[in-house]
Each structure stands twice: as structure tokens, then as C-alpha cells.
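**Student:** Handing you a structure now.
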């Protein structure tokens, strides 16, 4: 009888040693995946991108188009609501890749602040100011990824687009030598896009569309580099004037 009790106690001890600590398995099971976080963020960013496309049309004009403004505000408010859900869900429970980032919670709040700035400016009829706040907000997402070691094609496209806009400004203001000087960086940024992972899982037809858009982008970048190297300012101006929509094509497919 005594031996049976001892065996029973020993078995209980072994079970307790093998069992996870209280709450440990539960907390692991509840930790969100990076894929789920990225998709939740993307839902908000897709709406914000629709707002951004409208504001880009309005920004060059001193006047405001009331119908476009109303439509853009609608997209932005919906995007803000989706971002609020992201902030609530992940601020105190980030995916493991962000778990060691002491700024993660603040980063989500920074994006909220940027979104509020976009909306405030747009409702006041200041499309250009709203657009500048949008660019800052996109940069916050890029920084969050890159400063946590993540390699996303979307971010590489963001950098290329920014350099393309700089190139447009340099050409417009007559700084030809400076334009030539940034072309190596421009081509390196183009190459970095091709080296980044495809934005969608294997077999997803969106990858095929994305790769086709990249081929068109790459050909345009090559043609631009050649025209600048050959001092063909007319051809360079023609290519630069249409390059941002060509960059935006794979950007939209990646998002």
C-alpha cells in the first residue's frame, strides 16, 4: 500500500514537471503572427492609399474639389478606424519580431498622429499639406520594418519612388550634374526590389502581375539611365515625367 502511494506521488511529480507553467502555453498560443499583423496593417493602408491617390490629384491645385475632398475624407476615415483596431489589438501584444522593439507601441501611436494630421489638413482644404503628412506616415511604416530587420518589396519601392521624385525636381530646376550623380543610387534601389521576397505566397497569381509590372519598371529605369548618361535631356524628361505611375503599379500590387 505504501509503495503504491509512493508510485502515485512520483507519477504526479513527473506530470507536474512535464506540464507547462500556468499561462505559458496560453500566452504562446495567443501571440499574434507576423502574417496576421501585416494583413491587418495592409487593410488600413489600402484604404489610406485610395485617399492618397485622390489627394495627389488635388495637391498641385490651389483650389479644392469638394467632391474629391469628400471621397478622400471617406477613405481616410475608414482607414483611421482600421488603424485604430490595429493599435488596440497589437500595442501590448506585438508579433515576436517586434517584441524586442521598445518603440513598437510608440510607432503605432506615431502613425495614428500622422493619420490625424492628414485628416485635419484635408478637412481644412489643404490637400498639399495632407499629402505631405501621408508621405511621412508611409515613412513610419518603412522605418518600423527596416529597423526590425524586415525585408519588404513595398519598402524598396517606397525608396525608389522617393528618389524618382528627387530626380524629377533636379531635372526641373536644371541640376543636370546632380541628377547624374544620383543615378547609381537609383539603379541600386531598383535592384534591391528584385532581391526582396515576392509580396504574396507561392502560386498566388498576384505575384505574376507584380513581376510583370517590375519588368516594365526595370526597363524604364534602364532607359532613363542610358538617356542621362548620353545627355539626352529630352528623353530623360519624357521618361521621368511618367516614372512615378510606373513605380506605383507594382507598389499597389505589393500592398
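None of the figures in this text is laboratory data; all of them are computed from the coordinates on show. None of these values were measured; they are calculated from a predicted model. Here the Cβ is made from the backbone with ideal geometry for all residues, glycine too, and neighbour counts use every protein chain on show.
**Student:** Taking the number of other C-beta atoms within 10 Å as the exposure measure, put 227, 33 in order starting with the fewest.
**Tutor:** Ascending Cβ contact count within 10 Å gives the list 33, 227.
**Student:** If I fit a long axis through the Cα atoms of helix 243-254 and take the longest principal axis of the Cα atoms of the chain, what angle between them do I get, 0 to 90°, rounded to 10?
**Tutor:** 20
**Student:** What ranking, highest mean first, results for peptides 149-159, 193-203 when packing means the other Cβ atoms within 10 Å averaged over each residue?
**Tutor:** Packing order, densest peptide first, comes out as 149-159, 193-203.
**Student:** For the range 73-196, what does the relative contact order come out to in percent, with C-alpha contacts under 8 Å and a separation of six or more?
**Tutor:** 20
**Student:** Taking 8 Å as the Cα distance limit and 6 or more residues as the minimum spacing, I'd like the relative contact order of the chain as a percentage.
**Tutor:** 16
**Student:** Still on this structure, I have one more. Between the helical axis of 153-172 and the dominant principal axis of the chain, each derived from Cα atoms, what acute angle in degrees is found, rounded to the nearest 10?
**Tutor:** The helix 153-172 is inclined about 20 degrees to the chain.
**Student:** State whether the range 205-255 is rounded, prolate or oblate according to the following rule on the C-alpha gyration tensor (a ≥ b ≥ c being the square roots of its eigenvalues): a/c under 1.5 gives rounded; otherwise a/b larger than b/c gives prolate, and the remaining case gives oblate.
**Tutor:** Since a/c reaches 1.5 and a/b is larger than b/c, the shape of the range 205-255 is classed as prolate.
**Student:** Something else: At 25 °C and a viscosity of 0.890 mPa s, what translational diffusion coefficient does Stokes-Einstein give for the range 102-172, taking Rh as the Kirkwood radius over Cα pairs? Give it in µm²/s as a whole number.
**Tutor:** 183
**Student:** From the Cα gyration tensor of the chain, with a ≥ b ≥ c the square roots of its eigenvalues, which class applies: rounded if a/c is under 1.5, or else prolate if a/b is larger than b/c, or else oblate?
**Tutor:** prolate
**Student:** Between helix 34-58 and the chain, what is the angle of the helix's C-alpha long axis to the longest principal axis, kept within 0 to 90° and rounded to the nearest 10?
**Tutor:** Computed tilt is about 20 degrees.
**Student:** Summarise the long-distance tail of P(r) for the range 167-234 by giving the % of C-alpha pairs beyond 17 Å.
**Tutor:** It works out to 51 percent of all Cα pairs.
**Student:** Please order 107, 190 by the number of other Cβ within 10 Å, starting at the fewest.
**Tutor:** Ordered by Cβ neighbours within 10 Å, fewest first: 107, 190.
**Student:** Here is a further query. Given an 8 Å cut-off on Cα distances and at least 6 residues of separation, report the relative contact order of the range 151-255 as a percent.
**Tutor:** This gives 40 percent for the range 151-255.
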